[in-house]
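Here is the structure we will look at.
What follows is calculated from the coordinates using simple rules that are stated; it is not laboratory data. The structure presented is a predicted model; accordingly, all values stated were derived computationally and were not measured. With ideal geometry, Cβ positions are generated from the backbone for all residues, glycine too; neighbour counts draw on all protein chains shown.
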Amino acid sequence: MKNLRITLGIAALAIGSFAAFSFAPASSEAKVALQEFYMNPDGTPGEAVGEENECPNQGTPICSAEYDTVANSWTGNKIHRGVRP
């Protein structure tokens, strides 16, 4: 019976620790690291995309895409094509 109580106590501690770290807030840097920017003709990031993307999604040049501000490189995600009006 004593071994059962010890086992259940250790299990409760493990589950409690896991739950505490599962609901901890994420780093604020991680939330800002990936942002969508308009792409300049030379391939550098321009203005940040606001609530509405102004790219028409037609044509071949990349109008906007997701950019990793920590690594300073395009991620290849959220690509919108066309020419920004």
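How do Val70, Val83, Val49 rank when sorted from fewest to most other Cβ atoms within 10 Å of their own Cβ? Walk me through the intermediate numbers first.
Numbers: Val70 10, Val83 13, Val49 21.
Listing Val70, Val83, Val49 from fewest to most nearby Cβ atoms yields Val70, Val83, Val49.
Just rank Ser73, Ser64, fewest to most, by other beta-carbon atoms within 10 angstrom. Write out the running numbers ahead of the final one.
On the way: Ser73 10, Ser64 24.
By the 10 Å Cβ count, ascending, the order reads Ser73, Ser64.
Order by neighbour count: Asp68, Asp42, fewest other Cβ atoms within 10 Å first, most last.
Details: Asp68 13, Asp42 6.
Ascending Cβ contact count within 10 Å gives the list Asp42, Asp68.
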